[in-house]
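Remarks on the structure that follows.
The values are calculated or read from the model by the stated rules, or taken from the named source; none is laboratory data. It should be emphasised that the depicted structure is a prediction, and the values quoted were computed from it without experimental measurement. Virtual Cβ from ideal backbone geometry, glycine too; neighbours counted across all protein chains shown.
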Amino acid sequence: MAMLVNQLGANLTVRVVGAPHDLPALSDFEVVELPVPEPAEGEVLFRSIYMGLEPSMRRRMPTPVASPGPSGGRVEIGDVMPVGQLPLSDPIFAGHVGEVIASRHPDFAPGDFVKGGTSWRTYHAEPGRLLLKLDPRQTPLRQEMGVLGQSPFVAYCGMETIGQPKPGETVVVSAAAGAVGSVAGQLARIAGARVVGVASGAKARYVVDELGFDACIDRTAEAIGPALDRECPDGIDLYFDNVGGEIQRAAYDRLNNFGRLVVCGMVSEYNAPEPDHGPPLRPLLRKRLRIEGFVVWDHAALYPEFRRRMKAWMGEGRMVYRDDLIDGLASAPAALIALLGGKNVGKMVVQVGEDPT
Ligand SMILES: NC(=O)c1ccc[n+]([C@@H]2O[C@H](COP(=O)([O-])OP(=O)(O)OC[C@H]3O[C@@H](n4cnc5c(N)ncnc54)[C@H](OP(=O)(O)O)[C@@H]3O)[C@@H](O)[C@H]2O)c1
């Protein structure tokens with residue numbers, strides 16, 4: 001095994017070397033070459049092909065002050081960037097799709113394809129129990145990180161368990177062109193609701209023309225409150241919130257009786273030094289509103305059902321999904337910065353290595 005590992009060359013890895021105050025800079029990251037790890041008993045060595053990026057990675061970065069701030073940094077200066085919540089408990093939520101190079105676990109062999117991995121590096125030695133075996137003859141590997149990956153599943157969980165859109169309702173989705181929002185809105189359309197997105201710039205057109213939303217507000221072109229009044233003349237029944245902040249408040253103020261606010265994420269706060277204090281609660285009582293957050297890990301049991309239904313919707317042409325493919329792990333810091341700045345359309349996926357399928 002040691003001989004094989006030595007032949008693989010260097011393990012390109014991204015470390016965090018800064019504690020940003022707001023939007024991270026390229027100087028907060030360092031790309032280094034580390035040795036390829038030796039898999040221990042029960043572990044599998046795999047080479048990453050695709051790595052998924054998401055805004056919450058920002059929240060894992062170190063905070064500039066000693067005590068954890070609102071962004072709750074958990075990574076120390078010098079650590080390798082993590083792909084998501086650690087420790088990883090379920091391979092469904094892992095950050096890479098890769099090819100097995102060597103295995104010391106009975107369920108995996110070289111040449112298998114897996115989902116797994118917890119950090120920004122090329123070669124990973126992970127316990128076999130934290131890997132999901134993939135079949136590229138059934139599903140292209142890129143789709144495993146895209147339309148069948150974590151972000152669309154987040155949208156599914158939020159809509160199935162909390163939002164539950166009904167025919168004729170008005171649904172608003174923020175970050176509507178993004179990895180989660182694009183699916184959340186399409187799920188509401190499939191349920192028969194009228195769907196209004198919020199996105200920035202040219203993405204607003206894409207959300208209507210390509211994703212089939214009924215309308216989309218360009219948050220950079222006009223004030224959000226009057227725009228919601230125009231696009232939602234009968235008020236809002238369900239707001240699927242990906243961003244928090246000003247857009248959340250404007251949507252909250254326009255919720256109808258028995259309206260729901262699904263708290264999926266707060267990307268507008270991830271770079272902010274102070275947390276937002278949220279909307280006043282009195283209307284919650286008067287309008288009998290429901291505000292509920294969720295974390296995708298709690299709903300892992302829904303994953304097989306999600307996968308089956310998503311494949312069917314794709315097959316029927318009822319679900320459009322796009323990814324933003326970035327070339328090379330060394331480009332991942334710039335890609336995360338672009339994602340936090342709203343420059344992405346759909347899921348941002350880094351091509352770490354060659355896809356042999
Ligand atoms: N609850 C869970 O378990 C769970 C799991 C994973 C992710 N999430 C959350 O889901 C949300 C969406 O994630 P994603 O991966 O799909 O990201 P994404 O929507 O693909 O990208 C983030 C988008 O947020 C928008 N944005 C950025 N800064 C903003 C600001 N200051 N104000 C308003 N909008 C801003 C931008 O879209 P526009 O510029 O087009 O508006 C940007 O493209 C995030 O909040 C993420 O943390 C939740």
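Per-structure values
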item	result
Filter pass, GLY259 being more than 16 Å from the ligand (Cβ to nearest atom) and either under 29 Å from ASP237 (Cβ atoms) or not β-branched (Val, Ile, Thr) (or both)	yes
Qualifying position, being of a type outside the set (Lys, Arg) and on the phi > 0 side of the Ramachandran plot, among GLY225, GLY212	GLY212
Subset tally (residues that are assigned to a strand (DSSP E or B) and hydroxyl-bearing (Ser, Thr, Tyr)) for the range 87-129	3
Qualifying residue in the range 224-232 (condition: without any contact (Cβ under 8 Å) to a residue 24 or more places away in the chain, buried (at least 22 other Cβ atoms within 10 Å of the Cβ) and either more than 11 Å from the ligand (Cβ to nearest atom) or over 19 Å from the mean Cα position of the chain (by Cα) (or both))	no
Test: ALA250 is in contact with a helix residue (DSSP H, G or I) (Cβ under 7 Å, 6 or more places away or on another chain) and at pLDDT 95 or above	yes
Hey, THR220 surrounded by fewer than 24 Cβ atoms within 10 Å (Cβ to Cβ) and either under 18 Å from the mean Cα position of the chain (by Cα) or within 14 Å of the ligand (Cβ to nearest atom) (or both) or not	yes
Counted residues, the range 293-344 - those being in a loop (DSSP other than H, G, I, E, B), crowded, with 16+ Cβ neighbours inside 10 Å and among the aliphatic types (A, V, I, L, M)	2
Some residue of the range 350-357 being in a loop (DSSP other than H, G, I, E, B), under 16 Å from the mean Cα position of the chain (by Cα) and on the phi < 0 side of the Ramachandran plot	no
Cross-chain or 6+ apart pairs with Cβ under 6 Å, the range 273-297 first and without any contact (Cβ under 8 Å) to a residue 60 or more places away in the chain, then within 16 Å of the ligand (Cβ to nearest atom)	ASP276/GLY244; ASP276/GLY245; ASP276/GLU269; PRO279/ARG249; PRO279/TYR252; ILE291/LEU261; GLY293/VAL263
When residues of the range 147-170 are limited to those that are more than 16 Å from the ligand (Cβ to nearest atom) and either crowded, with 21+ Cβ neighbours inside 10 Å or under 11 Å from the mean Cα position of the chain (by Cα) (or both), the one nearest to CYS216 (Cα to Cα)	THR170
Qualifying residue in the range 135-146 (condition: within 20 Å of PRO356 (Cβ to Cβ), among the small types (Gly, Ala, Ser) and crowded, with 22+ Cβ neighbours inside 10 Å)	yes
Residue match in the range 283-296 (condition: within 15 Å of the ligand (Cβ to nearest atom), within 30 Å of ALA19 (Cβ to Cβ), modelled with pLDDT under 95 and out of contact with any strand residue (DSSP E or B) (no Cβ under 9 Å at 6 or more places or on another chain))	yes
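Yes or no, residue by residue, for (1) in contact with a Lys or Arg (Cβ under 7 Å, 6 or more places away or on another chain); (2) surrounded by 24 or more Cβ atoms within 10 Å (Cβ to Cβ):
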position	(1), (2)
TYR239	no, yes
GLY245	no, no
ARG249	no, no
TYR252	no, no
PHE258	yes, no
CYS264	no, yes
SER268	no, no
ALA272	no, no
PRO275	no, no
